[in-house]
Amino acid sequence: MRPFNKIFVTSLPRCATVSICQALAQLGVPMSHLGKSYPPHPGEEPLGAHHDPQRFIELFEQLSAADYDLHCLRAARGLADYPACCLERLEQLAAHYPDSLFIHVARDADINAWLQSTERQLVGLDLLDAFQDDPLRRRFMQVMRGFRKETFGSEAFVAESYKRAYLRHQERIEKLSQRAPERWLIFRDAGHLKQSGMRRLAEFLGLTTRGVPFPHVEEHGREASAAFYKALIEGTVRSQTGIVPTRLP
């Protein structure tokens with residue numbers, strides 16, 4: 001394996017961040033995604049939720065105190081999703097962990113597909129949160145919305161604002177990657193991951209794939225998507241991206 005400090009996956013949410021974490025874990029590189037460990041710690045479920053609320057809140061509190069010796073990165077070799085996609089925070093993390101590597105996945109081939117996926121997930125999560133009485137869950141969602149605002153300029157999903165933020169994010173990643181291109185692996189289209197994702201990850205890290213296929217992980221989005229479609233069918237929400245209320249997923 002090539003030498004590196006940490007790996008930061010700078011992809012925006014709904015850009016295969018969970019699948020990348022799972023793929024890296026299969027290659028022997030443990031990752032942290034919204035506080036959840038890949039591979040899971042003993043006693044954790046291997047699938048299901050893509051986050052660990054307590055650890056994610058702890059991560060946010062450390063960052064708020066300008067403490068970049070993140071507890072989640074003591075065991076993990078990398079970090080994905082928030083805060084790695086918040087580029088101001090990424091600069092701070094990269095300075096604290098020099099000689100790190102960066103992986104980025106875009107969905108430029110069909111931005112509207114990304115917008116629809118994001119709408120389903122974010123609106124669905126907010127709908128589920130409205131019925132939660134668990135203080136830990138509520139605090140977790142407060143942190144998530146704070147990171148959303150940093151990344152997209154709005155806690156709530158606003159299609160045009162999120163599209164502009166997506167395009168701006170890709171432009172900034174392009175400029176960042178030009179500083180040290182040998183430290184960046186960029187997938188221009190998430191659709192290429194199934195065919196070449198595992199091979200390119202392994203080559204980037206100086207590893208062999210051992211014939212392991214690239215994972216496609218979707219279980220974590222099903223509950224939020226179901227909540228969104230239910231509300232869409234009932235008429236309590238309207239899609240901003242043209243999603244048709246035809247059926248539950």
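The values are calculated or read from the model by the stated rules, or taken from the named source; none is laboratory data. All values derive from a computational prediction rather than experimental measurement. All Cβ positions, glycine included, derive from the backbone under ideal geometry; neighbour counts span all protein chains shown. Each accessible area value is taken on the protein alone, full model and side chains, heavy atoms only, with ligands, DNA and RNA left out. Shrake-Rupley method; radii C 1.70, N 1.55, O 1.52, S 1.80 Å.
The table that follows gives values for the structure above.
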item: Selected residue (criterion: most open to solvent (accessible area, probe 1.4 Å)) from residues of the stretch 150-161 that are outside any loop (DSSP other than H, G, I, E, B) and more than 19 Å from R238 (Cβ to Cβ); result: E150
item: Odd one out for E119 among (1) open to solvent by 30 Å² or more (accessible area, probe 1.4 Å); (2) out of contact with any Gly (no Cβ under 8 Å at 6 or more places or on another chain); (3) of a type outside the set (V, I, T); result: (1)
item: Search result, residues across the stretch 217-243 that are of a type in the set (D, E) and assigned to a helix (DSSP H, G or I); result: E219, E223, E234
item: Which listed residue, of R222, R164, R210, is more than 20 Å from R14 (Cα to Cα) and open to solvent by 70 Å² or more (accessible area, probe 1.4 Å); result: R210
item: L205 being within 17 Å of P39 (Cβ to Cβ), open to solvent by less than 40 Å² (accessible area, probe 1.4 Å), in contact (Cβ under 8 Å) with a residue 60 or more places away in the chain and not acidic (D, E); result: yes
item: Single residue of Q195, Q240 found to be under 22 Å from D110 (Cβ atoms), open to solvent by 80 Å² or more (accessible area, probe 1.4 Å) and touching a residue at least 60 places away in the same chain (Cβ under 8 Å); result: Q240
item: 3 or more residues in contact with a strand residue (DSSP E or B) (Cβ under 6 Å, 6 or more places away or on another chain): qualifying strands (runs of 3 or more DSSP E) within the stretch 1-113; result: 7-9, 31-33, 78-80, 101-105
item: Where a residue in the stretch 116-144 is without any contact (Cβ under 8 Å) to a residue 12 or more places away in the chain and its partner, wherever it lies, is open to solvent by 50 Å² or more (accessible area, probe 1.4 Å) and of a type in the set (D, E, K, R), with Cβ under 8 Å and at least six apart; result: Q132/R138
item: Residue in the stretch 142-149 that is assigned to a helix (DSSP H, G or I), open to solvent by 50 Å² or more (accessible area, probe 1.4 Å) and touching a Pro at 6+ places or on another chain (Cβ under 7 Å) present; result: no
item: Among the candidates P98, P3, P42, residue that is open to solvent by 50 Å² or more (accessible area, probe 1.4 Å), at pLDDT below 95 and either out of contact with any Lys or Arg (no Cβ under 8 Å at 6 or more places or on another chain) or within 25 Å of Q170 (Cβ to Cβ) (or both); result: P42
item: The stretch 122-135, residues that are more than 23 Å from E58 (Cα to Cα) and either surrounded by 13 or more Cβ atoms within 10 Å (Cβ to Cβ) or touching a His at 6+ places or on another chain (Cβ under 8 Å) (or both); result: V123, G124, L127
item: Members of the stretch 48-95 that are of a type in the set (S, T, Y) and either open to solvent by 70 Å² or more (accessible area, probe 1.4 Å) or within 15 Å of the chain's Cα centre (by Cα) (or both); result: S64, Y82
item: Residue check for R138: open to solvent by 20 Å² or more (accessible area, probe 1.4 Å), assigned to a helix (DSSP H, G or I) and at pLDDT 95 or above; result: no
